[in-house]
Amino acid sequence: MRHLMNPLDFNVEELDRLFDLANDIERNPAKYAHACDGRILATCFYEPSTRTRLSFESAMTRLGGRVIGFSDANSSSAAKGESVSDTIRIISSYADICAMRHPKEGAPMVAASRSLIPVINAGDGGHQHPTQTLTDLLTIRTMFGRLDSFTIGLCGDLKFGRTVHSLVNALSRYKNIHFIFISPEELRIPDYVTDMLKEKHITYEEVIRLEDVMPMLDMLYMTRVQKERFFNEEDYVRLKDFYILDPLKMMLAKKDMLILHPLPRVNEIAVEVDDDPRAAYFKQARYGVFVRMALILTLLEIEV
Ligand code: NCD
């Protein structure tokens with residue numbers, strides 16, 4: 001039995017198969033409409049979410065399966081003190097596969113070690129968010145045409161942003177990618193990420209001003225300042241509007257640069273940018289459903 005804890009749990013060939021499947025699902029949805037008839041997905045969300053939980057639910061429903069679960073730790077037995085290990089033992093007899101989000105780093109991993117069904121990490125604290133990374137990779141592969149040889153800028157909260165940590169990790173396996181980390185000093189990318197890049201001889205730079213590097217980017221991955229992971233309100237208020245991508249800044253960018261964002265957006269991308277053909281974030285959210293459909297089929301070992 002297989003779980004998904006980290007984007008690196010799949011090798012590059014397996015990822016290619018997963019993305020081919022996701023592209024086929026997008027082209028031929030009817031072919032997959034009953035692939036999960038009679039199967040149940042449990043969504044166990046101990047932390048708020050809109051896209052991730054609903055895209056999992058949409059994915060399972062579009063495959064003909066059903067969904068059970070909770071979206072708030074307070075409405076589950078966690079509020080009574082039940083451990084994640086016990087909860088998953090129970091869920092194992094209620095469902096065939098489980099997507100779990102948890103504020104504690106490593107909690108889905110603990111669950112996976114006790115589970116009798118595949119567990120998908122749907123985000124654990126500031127650590128990893130592998131299904132967002134699969135969404136990002138599928139978007140890049142489909143819209144940009146390849147997963148190698150580009151310069152990507154990652155901008156915003158690089159310290160607490162788990163989507164950034166997961167994506168850099170996953171992209172580090174592809175050739176000829178140059179990373180530009182754009183953040184205020186306080187929200188710099190963690191050393192463990194740059195240490196990994198150094199070890200693999202992958203080039204990167206760290207800058208503060210977005211304008212300075214804009215013309216070099218093939219892709220810009222914007223992120224929100226992660227309010228819920230700040231220790232004090234003052235720091236959040238000071239940093240929350242540090243970057244605002246607006247039409248003026250977009251004039252500095254390449255004609256075909258892709259703008260990605262895991263969403264939710266707060267203020268970091270002005271709404272006027274949404275109409276720019278380079279804005280890919282709403283399409284990216286759509287790819288999130290296809291990739292989760294492909295993931296559910298893969299982990300349940302269902303062939304269509
Ligand atoms: C991200 C997350 O939860 O980390 N959201 C998502 O799943 N698309 C990004 C964020 O909350 O900023």
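FYI, it's all coordinate maths here, none of it is from the lab. These numbers come from a predicted model, not from an experiment. All Cβ positions, glycine included, derive from the backbone under ideal geometry; neighbour counts span all protein chains shown.
Structure summary
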{"read-out": "Percent antiparallel among DSSP beta bridges (both partners in the chain, rounded to 5)", "value": "5"}
{"read-out": "Listed residue pairs exceeding 19 Å between alpha carbons, taken from LYS159/LYS227; LYS159/LYS200; LYS175/LYS198", "value": "LYS159/LYS200"}
{"read-out": "For the chain, the longest site-free run once GluC sites (Glu not before Pro) in DSSP loop states with at most 15 other Cβ atoms within 10 Å are removed", "value": "106-300"}
{"read-out": "Pair LEU8, HIS178: separation of 7 Å Cα→Cβ label points (nm)", "value": "2.5"}
{"read-out": "Loop trypsin sites (Lys or Arg not before Pro), region 128-171 (other Cβ atoms within 10 Å of the site Cβ: 15 or fewer; DSSP)", "value": "ARG146"}
{"read-out": "Antiparallel DSSP beta bridges within region 95-227, percent to nearest 5", "value": "5"}
{"read-out": "Ellipticity estimate at 222 nm from DSSP helix runs (n ≥ 4, -39,500 (n - 2.57)) divided over the chain, nearest 500", "value": "-11000 deg cm²/dmol"}
{"read-out": "Efficiency of FRET between LYS200 and MET143 - r from beta-carbon atoms, R0 25 angstrom, step 0.05", "value": "0.45"}
{"read-out": "Euclidean distance between Cα centres, region 237-272 to region 275-304, Å", "value": "23"}
{"read-out": "Loop sites in region 224-304: trypsin sites (Lys or Arg not before Pro), DSSP, at most 12 other Cβ within 10 Å", "value": "LYS255"}
{"read-out": "Between region 113-186 and region 1-66, the Cα center-to-center distance that results, in Å", "value": "18"}
{"read-out": "Virtual paramagnetic centre 7 Å along Cα→Cβ of VAL207, amide N under 18 Å, in region 133-163", "value": "150-158"}
